[in-house]
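First up is the structure itself, then whatever we jot down about it.
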Amino acid sequence: MAVKMFSSIVIGSTATELKIFELSPRKGMREIDYVSYPLNLGADAYNEGKLDMTKVDEVCEVLNDFRRIMKSYGSEDARVVATSALREIRADMLTRDYIEKHTGFSIEIIGNAEQRLLDCKSIASESDSFEKIINSGTAIVDIGGSSIQISVFDKNRLITTQNIRLGKVSSREKFFPLAKNNLHFETLLTELMEHELNGFARLYQKDRQIKNLIVIDRGLLELLGKDQPDVNIVVVPKQEFNEAVDRILPMTPSEISSVCDMPQDLAILLTPSAIFARCLLTRLDAQDIWIPRMNLNDGLCYDYATRNHYIRQGHNFDDDIIASCRVIAKRYKSNQPHIKNMEVISLAIFDRLKKEYGLGPRERLLLQISVILHNCGKYISLSNVADCAYNIIMATEIIGLSYEERQIVANIVRFNTSDFSYYRELAADTSVTREDYLVIAKLTAILRVANALDRSHKQKVKDPTVTLKGDTLVISVNSQDDLTLEKGTLEEKAEFFEEVFNVHPVLKQRRKL
């Protein structure tokens with residue numbers, strides 16, 4: 001496979017950034033150029049709910065400059081994403097449309113959950129380090145413009161990811177005017193952060209020891225004077241980091257700009273970032289702070305490179321998504337044996353139908369998530385499970401899933417037990433597209449059949465083998481039990497399944513001696 005040039009562009013709350021990479025199976029992923037243009041969009045977005053048109057035009061100018069740089073490297077493939085600065089304004093679609101028309105780029109406004117998985121992928125792009133780091137208690141923290149995301153890994157799997165609504169831009173805009181001086185500003189932010197971290201520790205960290213704290217905020221490297229192109233991850237002892245923070249706290253933004261050799265627009269945000277990082281270091285009781293040079297741009301490239309087989313993916317991030325969903329299901333006291341049995345059945349049916357009905361790996365993941373979360377509504381109400389489950393899923397960020405994908409899962413779970421809404425009804429009340437609707441219908445039909453085959457919640461159906469014979473889907477299972485209830489429930493669910501797939505599901509019992 002030939003060498004490939006790829007560009008990633010991030011329109012962030014404090015800067016718009018371009019990275020150009022060279023990809024090859026032999027050399028892997030190599031950064032060729034990095035350009036960052038300081039542009040504080042977050043202040044307008046978070047305070048006014050809109051962006052000043054002069055700044056929008058400036059974004060267009062920067063993107064057109066980036067296109068010229070890309071052309072000079074022969075980089076045609078690119079992914080352009082915008083984060084909270086566009087996500088949190090009222091006219092997000094209109095602003096995106098304006099920028100696209102004036103630059104020729106297609107722009108994705110990514111959700112918080114998508115962004116956090118890409119953050120993890122940025123660190124995974126340093127493949128030699130990632131698996132080793134997350135084998136013991138590790139918190140990956142992204143200090144963003146409007147929020148802080150904490151993702152906890154242990155024993156190579158994601159335990160939880162939670163969002164704290166405190167960010168470096170929003171905190172500076174809201175709380176610095178209340179402070180008497182710089183040190184008082186630290187006191188205010190520390191009080192707020194400690195309160196949030198106490199809740200996080202009580203609900204999610206519990207007795208888990210955090211050995212590694214990874215903070216994604218490149219400004220901290222400049223604070224420490226360690227932003228070196230040949231070093232991807234800098235490890236700083238707690239004492240050294242605290243001493244660096246103490247040095248800048250009394251400084252004005254212009255003094256920080258001079259000492260740290262950074263634009264004043266970014267220097268003004270370094271103080272809240274440093275305060276938040278110090279609170280995390282203290283509260284999580286980590287001995288070192290790890291600061292990666294990689295950022296969201298690297299995560300975008302890693303995602304592209306692994307999907308297109310330019311490099312091998314060392315860590316399975318789909319497993320992290322599944323692991324986080326299992327934590328959610330456990331929190332809502334879901335029946336774990338029932339879920340695991342349904343996973344086996346539903347995925348066996350999916351794998352037999354996927355080729356004929358245009359279903360791929362992403363749909364398989366969404367089905368598995370739907371199975372894991374389908375019973376969470378019972379935690380709130382036994383008589384209104386469907387709507388309660390829908391509301392829980394829509395209110396819960398699931399790392400790696402877009403809002404649209406979360407909406408697909410929520411509807412699959414809702415229609416598992418409630419009457420199915422056809423496209424015109426569903427589109428009138430939600431933002432579901434025609435393509436999303438077809439996925440919802442197909443996966444709902446599979447979920448209903450799988451649920452029917454464990455209607456008693458006693459896991460009487462085991463080792464399913466699924467075959468397609470003409471217009472009949474034969475589900476052969478091992479069981480010594482009476483399957484009258486399962487067969488009867490399957491007949492109830494068969495009509496919708498047949499409507500979606502034009503095949504009739506039947507249960508065939510094998511009795512092993």
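The values are calculated or read from the model by the stated rules, or taken from the named source; none is laboratory data. Worth saying up front: this structure is predicted, and the values here are computed from it rather than measured. For neighbour counting, all protein chains shown are included, and Cβ atoms are generated from backbone atoms with ideal geometry for every residue, glycine included. Ligands, DNA and RNA are excluded from the accessible area calculation, which covers all protein heavy atoms including side chains. Shrake-Rupley method; radii C 1.70, N 1.55, O 1.52, S 1.80 Å.
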| query | In the set Ser370, Ser346, Ser418, Ser402, which member is open to solvent by 20 Å² or more (accessible area, probe 1.4 Å) and either under 19 Å from Glu435 (Cα atoms) or not β-branched (Val, Ile, Thr) (or both)? | reply | Ser418
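Got a number for residues in segment 342-367 being assigned to a helix (DSSP H, G or I) and in contact with a strand residue (DSSP E or B) (Cβ under 8 Å, 6 or more places away or on another chain)?
The qualifying residues number 7.
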| note | Exactly one of Leu353, Leu359, Leu300 is touching a Lys or Arg at 6+ places or on another chain (Cβ under 7 Å), modelled with pLDDT of 95 or more and within 27 Å of Arg455 (Cα to Cα), and that residue is Leu359
| request: Give me a count of the residues in segment 146-175 that are in a helix (DSSP H, G or I) and either crowded, with 22+ Cβ neighbours inside 10 Å or touching a residue at least 40 places away in the same chain (Cβ under 8 Å) (or both). | output: 6
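So that you can scan it fast, the table gives a plain yes or no per residue for (1) among the hydrophobic types (A, V, I, L, M, F, W, C); (2) over 17 Å from Ile339 (Cβ atoms):
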residue: Val439; (1), (2): yes, yes
residue: Lys442; (1), (2): no, yes
residue: Ala445; (1), (2): yes, yes
residue: Asn451; (1), (2): no, no
residue: Lys460; (1), (2): no, no
residue: Thr472; (1), (2): no, yes
residue: Thr484; (1), (2): no, yes
residue: Phe501; (1), (2): yes, yes
residue: Lys508; (1), (2): no, yes
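With the condition being under 30 Å from Phe175 (Cβ atoms), open to solvent by 10 Å² or more (accessible area, probe 1.4 Å) and among the aromatic types (Phe, Trp, Tyr), I'd like the strands (runs of 3 or more DSSP E) fully within segment 1-67 carrying at least 1 qualifying residues. If you could, list the steps in order and put the result at the bottom.
Values: elements: 4-11, 15-24, 28-38.
Passing ranges, in order: 28-38.
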| Any idea which of Ile143, Ile89, Ile99, Ile110 is within 14 Å of the chain's Cα centre (by Cα) and in contact (Cβ under 8 Å) with a residue 24 or more places away in the chain? | Ile110
| request: For Ile214, indicate whether it is of a type outside the set (Ser, Thr, Tyr), surrounded by 19 or more Cβ atoms within 10 Å (Cβ to Cβ), touching a Pro at 6+ places or on another chain (Cβ under 8 Å) and not in a strand (DSSP E or B). | output: no
| query | Failed condition for Gln209, given (1) touching a helix residue (DSSP H, G or I) at 6+ places or on another chain (Cβ under 8 Å); (2) within 25 Å of Leu158 (Cα to Cα); (3) surrounded by fewer than 19 Cβ atoms within 10 Å (Cβ to Cβ); (4) modelled with pLDDT under 90, with all others met? | reply | (1)
| message | What are the pairs with Cβ atoms under 8 angstrom where one residue, in segment 484-507, is within 18 Å of Val466 (Cα to Cα) and the other, located anywhere, is among the aromatic types (Phe, Trp, Tyr)? Sequence gap at least six, or different chains. | response | Phe501/Tyr357; Val503/Phe497; His504/Phe497; Pro505/Phe497
